[in-house]
Every structure is written in structure tokens, then in C-alpha cells.
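The values are calculated or read from the model by the stated rules, or taken from the named source; none is laboratory data. Being a predicted model, the structure only gives us computed values, none of them experimental. Counting neighbours? That spans all protein chains shown, and the Cβs are built from the backbone with ideal geometry, glycine included.
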Amino acid sequence: MYKQQVIRRILLSFFIGLLFPFGLLAQQTLEVTAKADTSNIRIGEQVKLHLRATVPAAVFNKPEFRLLFPTVPDSLEHFEVVNRSNLDTLTQQDLKVLQQTLTVTSFDSGRWEFPPLKFEVYGANGANSIDTLFSQPLGIDVNTVAVDTTKAFKPIKTVQAVPWNIWDYWLYIAIGAAVVLIVLGLLLYFRKRPEKKPAVKLPLVTPYELAVQQLKSLKGEQLWQQGDIKQYYTRLTDILRTYFEHQFGIAALEQTSEELLNNIKPVTKLNQQRDKLRALLAIADLAKFAKLQPTADEHEDCMHKAEEILEWTRPKEEPVVPEEKPQKGA
Amino acid sequence: MENTSSDIRQLNEKIHQASAFVDLLNMELGKVIVGQRYMVERLLIGLLAQGHVLLEGVPGLAKTLSIKSLSSAINAKFSRIQFTPDLLPADVVGTMIYNQQKNEFVVRKGPIFANFILADEINRAPAKVQSALLEAMQERQITIGDNTFKLDDPFLVLATQNPIEQEGTYTLPEAQVDRFMLKVVIGYPTKEEERHIIRQNLNPEAATPIRAVIQPADIMDARKLVREVYMDEKIEKYIIDIVFATRNPEEYKLQKLKPLISYGGSPRASINLALAAKAYAFMKRRGYVIPEDVRNICFDVMRHRVGLTYEAEAENVTSENILSEILNAVEVP
């Protein structure tokens, strides 16, 4: 009994051993296949056609090996090729798998056969060997849409509203929220910002005071005593013109002597000094534009006239009104 | 050489005496011209400063009478050219004519060979005629064939333009308008002046003929003196400031004028403003220029030298408006 079992095991091992080289051989052969993901489509529907070539790694790595996938035209009989994927290469143990997917459709109803596809193999069995492999033909049923003629025809449906989704508006919501946050931030910033301390107001110098100061300074510079007569009269008339501009709003710096004398007419107080001003300006113009050399007395007289004009037109000082103190018990 | 104080005093006295003829001329012209003192004054400025005058005013404002009377008062030759669309340059400057007796070409001088020319309605003639006249004005000589003739001195062109009838006219290009020292705009006389005009015209027998009070040589002497009138550097700076304000108003705090001015005054504007101010000072019997002289003459020298943009024209801004703004902004020395 035991002997028989041993013999059976030996025979089984022998047969398995005989089959092993065939299994290896089977794994070492080059195969091509074409498979459709479905064999039944409606008219115009698309079907994916997977072309696959399995190559032993040893063959694939040969330098002279080349495998050409079939060149499928855009239009075949009853079929249209919609898309072609790129060639993909996978490694499975000792095999290299090359595959490509064709998207195919048909607009003819009926059962149609997708023809065998031709794969060309170069250098698989030697440097100059050329082999041709064909995939199996594929039968695909292309069906028309079944129309139930017993039912009434219905109108075409109107445009359907897409269901509202908050994520469609996330950008707008984010921008709105950011604006609100910025505004709130600015409001908080301006509310809490420390208030600027009011600038310390320096006591203002009135045009009169300024003119008096400038005349005093002009006197101190002793320009005419040093022979700079032109500069003396330029400064003297400029002081008066600036004073008229600031005190009476007459654009005296941009007016000639004659225009100035005409434009002081509406200012009664100033107009009362018209003759003095005219005499002063006449001498000043001659000194400035005709190189006149007035006498020392005339220099002094012009300064005196300028001071008199200032004094005459000096604005009245407004009396300071003392603040009323709140009485006790009031 | 720099003028000293005593030089200017002497010059002042000299000019005070030499300019006395201005009053004589004014009196003589006043016999026939009623009003229009402004125009006569500008004509004299043009005459003394060796510049030409473009006059803009409606017809009948004594333009021809003024220049004719002025030429009579100076004992000078006067000619009037009526500019029309069919006028040819040869009609103005002259041409070569074939003399059959002598069997040669002889020069026939045109009406431009005179001391005072009235180019009436200058914008009615085509550009080639205008440029023939304007070239003569500039060069003060005429070439006919192979012969060049110097024009007589004094030579003053008074060109007129009618501001209301612009149809069928050839507007003077800016470059040519720039050759006129002054562009004077004259208006209607006052009621009182108009009454005098009526009376004078209804009784032509009573009119006194103009007599020659001075000779052209006196004008030439006066012109030399006008050039000698002292102009201080402060006045020069004032003139330059005014002209530069027309070019770069923003530098004089007049940014608002920038889009209204397409081009400002050329260096010829500065030269003419200085010359005209000197002539004005001379007429006021002074030997030195004061800012009033510059201001007084400024509009007439500058109005045709400030180009307006379309924006200014759309807003009815005139070159006078722009100049007023400039004069009110530029500081007087």
C-alpha cells in the first residue's frame, strides 16, 4: 500500500517535472491581445479597446528588439476611432507589458466585427527576424435606442437648473469676508489710535509787525551807506508790497508802481498815504531801473515815508476780553 | 560797456529832447484821425523799433487813413496793396518787363518800394504772395531777376486782417505771424469820437491837410536812440520771466495754463518785447525802461506768439486771457 503511494508520488512528480519547462516556455512567448470593455453598446456610445502586448523581459531588453503597435486609421468600416492613449509600459515579473487604449464608437446599428490588428515584431528571434502577430477579431453589437411608440411624444425638456451649492461661491464669500475684516480692522485701528497732540501754536506775527521788523533789519544792514542803493530800494519796496499784500489783499508784488497806486484807491486808509507812496515809488523806480543815485537825505526820507505809511495803516489792536469767572454758589 | 548813473542822466536828457517830435506827430495826426490814439501809438512804436504791425479790426476804423497820414507827416512814400486771391508775388515786389525799343528786360518795381506799406487784408492772398511780402519785411531787400534792391528806410508794413470774414481766407502761418513785431487789435471809437468823425466827414472843406513835421532821417536818428535806451537787468529778467511763463507756465505756479498753451513765445518774442518796451519808453520821453513799459506793450507783442490748444479754443480762452494770468503771476521787479 505504502509502496503504491510512493510510486504514485514519484509519477506525479515526474509528470509535474515534465510540464514545468512547457510552463516556462509558455511564459517566455510574445503575446498580443485586443479586448473591448463591452461587446454591447448603444449607437454613438463609446467602447474602450485595450491593445496589449506581453513580451518576455529577456526579449524586450535585446537591443535589436522593436515592437510596432497597429496603426489604426480614424475611420474603419462601421467604427470611428475617437481617441488614442499613449503607449504604456508595465513590468510584471519577467515580463514587459505594453498597452494602449483606443476609444471607439459606431453610428451604424448591427453586429460588427472589429478587424484583427497587426503588431509587427522586429529582432525577437535574432537580429534580422521579423514577425507579425494579429489580435483576435472583436464582435460588437451596436444597438439603436428602443422607442416605445405606444406612448405619446413628449416635448424637449427645458434647461434644468443646477442645484445650488455653497462651494460654487466660496471665492466671493471669502473676498466679502476679507473686506469686512479689513474694514473692521481699520475701524478698530482708527478708534484706538492715539490722538495726535495739537501742534503748539506759535504766536503769529502780524503783517504790520513783520514789515516793521524788516524795515528795522534793512536799516541795520546799512545798504545805501555801503553803496548798494539798488538793493536798498528793492528791499524797501518789497517790504511795503509784501505788507500791502498780506494786510490789504492787494497783489502788490505782481503790480507795477502805477498799477499799485491805482489799486490802493479802494483802501481808504492806504489811499490817504498815496502821495507819500507815489514819491517813494518814483525814487525807488529811478534807483532800480535808471541807476539814479539819490542823496543821503532822500534815502532817509524814503525810509521815513515807508515807516509813516506803516504807522498810518497800522491795524487797530483788538482789546483782549477777559474770561468771566464763574461765581461761587452760582 | 556798462552805463553809469551820469551816462543815463545824459541819455535821459538827450532822449527827452529828441523825442519831442512824438508830440508833434501826435498833434499833426490828431488833425485828421479822431480817436484811435492806441493804434497811432502802436504804429509809432513799430516805426521806432523797426518792427512791422499786424492790425486786426473790422473795416472802416481809419487804418488806411492812419498810415497814410503818418507817411505824410514824415514826408515818406506810402503805398497800399489790396490783397486778393488772384494777387501774384510779382504784383507786390515787381517784375522784369521786356522793352521793345531797347530790346532788353527792364525792372518794373512793385508797390513794396515805399516807406510805408499798407497790406490790406493780407489773409485774402495765397501763401506765396504772403511769403513774398513777409520775406521782404524780414530781409528788407527785394530780388527781381538778377538784381537785388535794398528797400528804403524807414520801412514799415502795416498789414490788416478782418476778424469776422474768415471764409476764403489763407490764415497766416505761425512762423510768418511771428515776423510781425506787434499784433494790434483795434475796436470801435467812442460815442464822442464817432460824433467828431461824422462832423469831420460832413464838412471835408474844413479839414486841414497833413504837413510834414519831420523827415525820414529824423526817424532813423530816433531809431538809433531807441536802441540806446537803458534797460536794467531787472527789466531783462522780467521780460524773460514773462516769455518763459508762456512756455513753462507750471514753473510760475500756473499749472492750469499748461493744457491751454500749445506753444509759447519764441526768442523773437523776447527781442521784440525788449525793443518795443524801449520804443515805448522813448515815446514817454524817458531814457530808461520801467516795468510799466513792458506791461503796456506786452499784449501787442505776445498775443500772436502764444499758441492755443483745442481745449483752450473749446473753452473760449484767448491768448489775452492767458497773458493776463501770466502778468498777474510774474513778480514785477
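When B:Arg199 is tested against (1) in contact (Cβ under 8 Å) with a residue 24 or more places away in the chain; (2) farther than 20 Å from B:Ser72 by Cβ, just one condition goes unmet, and that condition is (1).
Give the residue, chosen from B:Gly35, B:Gly57, B:Gly51, B:Gly94, that is away from chain A (no Cβ under 14 Å), closer than 30 Å to A:Ala290 by Cα, in contact (Cβ under 8 Å) with a residue 40 or more places away in the chain and not aliphatic (A, V, I, L, M). Checking each option against the conditions leaves just B:Gly51.
The number of residues in the stretch B:301-312 that are closer than 19 Å to B:Lys183 by Cα and in a helix (DSSP H, G or I) comes to 2.
Just one of the listed residues (B:Asn328, B:Asn321) is within 14 Å of another protein chain (Cβ to nearest Cβ) and part of a helix (DSSP H, G or I), and it is B:Asn328.
Where residues in the stretch A:247-284 are charged (D, E, K, R) and part of a helix (DSSP H, G or I), which of them is nearest to the chain's Cα centre (by Cα)? Walk me through how you get there before you give the answer.
Residues of the stretch A:247-284 that are charged (D, E, K, R), as a first pass: A:254, A:258-259, A:265, A:269, A:274-276, A:278.
Among the residues that remain, those that are also part of a helix (DSSP H, G or I) are: A:254, A:258-259, A:269, A:274-276, A:278.
Numbers: A:Glu254: 51, A:Glu258: 62, A:Glu259: 59, A:Lys269: 66, A:Arg274: 68, A:Asp275: 71, A:Lys276: 70, A:Arg278: 68 Å.
The selected residue is A:Glu254.
Residues in the stretch A:84-105: is at least one farther than 30 Å from A:Arg42 by Cα, in contact (Cβ under 8 Å) with a residue 60 or more places away in the chain and surrounded by 12 or more Cβ atoms within 10 Å (Cβ to Cβ)? Yes; the residues of the stretch A:84-105 include at least one that is farther than 30 Å from A:Arg42 by Cα, in contact (Cβ under 8 Å) with a residue 60 or more places away in the chain and surrounded by 12 or more Cβ atoms within 10 Å (Cβ to Cβ). Considered as a group, the residues in the stretch B:111-153 that are free of Cβ contacts under 8 Å to residues at least 24 places away in the same chain and more than 23 Å from B:Glu174 (Cβ to Cβ) include one that is surrounded by the fewest Cβ atoms within 10 Å (Cβ to Cβ), and that residue is B:Asp146. The residues on offer are B:Tyr238, B:Tyr252, and the sole one that is hydroxyl-bearing (Ser, Thr, Tyr), under 23 Å from A:Tyr233 (Cα atoms), in contact (Cβ under 8 Å) with a residue 60 or more places away in the chain and within 14 Å of chain A (Cβ to nearest Cβ) is B:Tyr238. Evaluate the stretch B:275-282: report whether one residue or more is surrounded by fewer than 20 Cβ atoms within 10 Å (Cβ to Cβ) and either within 14 Å of chain A (Cβ to nearest Cβ) or on the phi > 0 side of the Ramachandran plot (or both). No, the stretch B:275-282 has no match at all. Would you please name the residue that is nearest to the chain's Cα centre (by Cα), looking only at residues in the stretch B:1-32 that are surrounded by 15 or more Cβ atoms within 10 Å (Cβ to Cβ), part of a helix (DSSP H, G or I) and within 14 Å of chain A (Cβ to nearest Cβ)? The selected residue is B:Ile15. Annotation: of all residues in the stretch A:163-214 being in contact (Cβ under 8 Å) with a residue 40 or more places away in the chain and part of a helix (DSSP H, G or I), the one that is nearest to A:Arg314 (Cα to Cα) is A:Tyr208. Once the stretch A:269-311 is narrowed to residues that are out of contact with any helix residue (DSSP H, G or I) (no Cβ under 8 Å at 6 or more places or on another chain) and away from every other protein chain (no Cβ under 14 Å), the residue that is nearest to A:Leu210 (Cα to Cα) is A:Glu311. The lone criterion from (1) at pLDDT below 85; (2) touching a strand residue (DSSP E or B) at 6+ places or on another chain (Cβ under 9 Å); (3) among the basic types (Lys, Arg) left unmet by B:Lys31 is number (2).
Of all residues in the stretch B:217-235, those satisfying the criterion of being away from every other protein chain (no Cβ under 11 Å) and buried (at least 21 other Cβ atoms within 10 Å of the Cβ) are B:Ile219, B:Ala222, B:Val226.
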